[in-house]
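Q: Questions regarding the structure given below will be posed in turn.
The values are calculated or read from the model by the stated rules, or taken from the named source; none is laboratory data. The structure displayed is predicted, hence computed values, not measured ones. We place every Cβ from the backbone using ideal geometry, glycine too, and count neighbours over all the protein chains shown.
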Amino acid sequence: MNARSNLFAALFAATSLLAFAPSQAGDKSDGSTVTAAQIEAARTPADHEAIARAYDAEAAALERKAEAHEAMAKIYLGGGAPKAHSPSMTSHCERLVTQYRGAAKEARALAVEHRAAAGTTGK
């Protein structure tokens, strides 16, 4: 494969990851987004465990976004994207990697807190 084919393959893989990640606005019907109402109504261990699972799902989605931007940063850094290899593009992706990983870490911490509230420690 030539460099252009490698570029398109990498970009396709990165965008495919994003296509399957839940959106920030989120479809709340799938249980992967925690709502204020859900937190306010949490009374039972099962309620807290459901919230913890949703935070786990959110953390996984954020990690996928971080991985996608990490791959794009490598492409930009390597000059693999024709007419798109400025340092600002690389730093944009690197900032998002840091932010998404930080948000994933916080989501996992919230899952731990809700499991403690539920009296459980496992998933």
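Q: Tell me yes or no: at least one residue of the range 29-38 is surrounded by 12 or more Cβ atoms within 10 Å (Cβ to Cβ), of a type outside the set (A, V, I, L, M), at positive phi and modelled with pLDDT under 95.
A: yes
Q: In this structure, does R64 turn out to be at pLDDT 95 or above and closer than 29 Å to T120 by Cα?
A: So R64 fits the description; yes.
Q: In the set G102, G80, which member is out of contact with any strand residue (DSSP E or B) (no Cβ under 6 Å at 6 or more places or on another chain) and at pLDDT below 95?
A: Going through G102, G80 in turn, just one is out of contact with any strand residue (DSSP E or B) (no Cβ under 6 Å at 6 or more places or on another chain) and at pLDDT below 95: G80.
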